[in-house]
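**Q** Here it is: the structure, laid out below.
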Amino acid sequence: MIKAIILDFDGVIIDSEKIWLKSKIEALSKNNIHIQKKINKNFCLGLNSNSFFKKFIPKKIYSKIINKVIKSYKISLKKNFLKTPKLNKEILNIFDIKNIKFCIVSNNSRSFIDKVLKKYKILRYFNHNKIIALRNTKFQKPNPYGYLKMCKILKYKRSEIAVVEDSLSGLISAKDAKMKYIFRYNPLKLKKIALFKNINSFFDLKKLILQINTKT
C-alpha cells in the first residue's frame, strides 16, 4: 500500500521549469554563448544550474566566464520570476486520496516553496517537516540525498512511497534512492523514458495509486 506521495515542485506543482530553463539560456546568451539548437529538453529540464553551465560552457573559457554567467543568471531569474508561476490545478485531484501523506523534495528554496503554497492555499497539505528544499546545497538532484532524507522522516518502506517527477535529473535521484514507484509527469509529451511509468495527468496518477492500494 502507498502511504505517501513525494512530489517534485518545479514542473509538477507549478509550471516553472520553462522559466528556469529560459533564465539559464538567457544567462549564456548575454555572455555570447548561444545554445538553443543544442537543447535536449528531456535532459535539460530540471538540471541544476551548475551542471547546466558546465555542459554548455566550453572548458577552455569556463573559469574565466562562469562568475559573469552566474551574475547574469541571477538577474534573469529575478526578472522572469516577477510573477508567481501558475499552479498546476490538476494536482488538486490527488489531495483527496484518503490516508496519504504529501511531501515535497525540490531543488528550489524553502522560502519560495512556502510562498507559492501559501498563495495557492495548499500549504496545509504538507506538514512542516514534509518539505525538503535543496537550493544552495551540494545535495541537489540528481543526488539522491533528498529522497533518502525524506524516507527517514517518513519512516515508511520504499514500497509504501510513490514519487512524481518531471525531469530526468529528478527521476535519476529517485531511482538512485531505490524508490519503488516512480512516476514521470509528462504533460509536454516529451520522449518517454522506459525505466519509469509515464503519466500525462494527475487523473492518471490518482487512478494508479488507488489501483495499487486496492491490490495490496
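The values are calculated or read from the model by the stated rules, or taken from the named source; none is laboratory data. Because the structure is predicted, anything quoted here is derived from the model rather than measured. Cβ sites come from the backbone with ideal geometry, for glycine too, and all protein chains shown count toward neighbours.
**Q** Among the helices (runs of 4 or more DSSP H) contained in region 1-61, which hold 3 or more residues that are among the small types (Gly, Ala, Ser)?
**A** Here the list reads 17-29.
**Q** Hey, another quick one. Would you mind telling me which numbered condition in (1) farther than 27 Å from Lys207 by Cβ; (2) among the aliphatic types (A, V, I, L, M); (3) buried (at least 16 other Cβ atoms within 10 Å of the Cβ) Ile75 fails?
**A** Result: Ile75 fails condition (3) only.
**Q** Still on this structure, I have one more. Can you find a residue that is under 17 Å from Ile2 (Cα atoms), assigned to a helix (DSSP H, G or I) and in the same structural domain as Phe9 (by TED's automatic domain parsing) anywhere in region 113-127?
**A** yes
**Q** Out of all the residues in region 98-110, which are of a type outside the set (Lys, Arg) and within 28 Å of Pro142 (Cβ to Cβ)?
**A** Once the filter is applied, which keeps residues that are of a type outside the set (Lys, Arg) and within 28 Å of Pro142 (Cβ to Cβ), region 98-110 yields Ile100, Phe102, Cys103, Ile104, Val105, Ser106, Asn107, Asn108, Ser109.
Conditions tested, residue by residue: (1) surrounded by fewer than 21 Cβ atoms within 10 Å (Cβ to Cβ); (2) more than 16 Å from the chain's Cα centre (by Cα).
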residue: Gly11; (1), (2): no, no
residue: Ala27; (1), (2): no, yes
residue: Asn32; (1), (2): yes, yes
residue: Ile35; (1), (2): yes, yes
residue: Ile39; (1), (2): yes, yes
residue: Phe43; (1), (2): yes, no
residue: Ser63; (1), (2): yes, yes
residue: Asn67; (1), (2): yes, yes
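**Q** Can you tell me which condition Lys121 does not meet? The list is (1) surrounded by fewer than 17 Cβ atoms within 10 Å (Cβ to Cβ); (2) under 21 Å from Trp20 (Cα atoms), and all the others hold.
**A** Tallying (1) surrounded by fewer than 17 Cβ atoms within 10 Å (Cβ to Cβ); (2) under 21 Å from Trp20 (Cα atoms), Lys121 fails exactly one: (2).
**Q** Looking at Asp15, Asp96, Asp8, Asp114, which is the one that is charged (D, E, K, R) and touching an Asp or Glu at 6+ places or on another chain (Cβ under 7 Å)?
**A** Asp8
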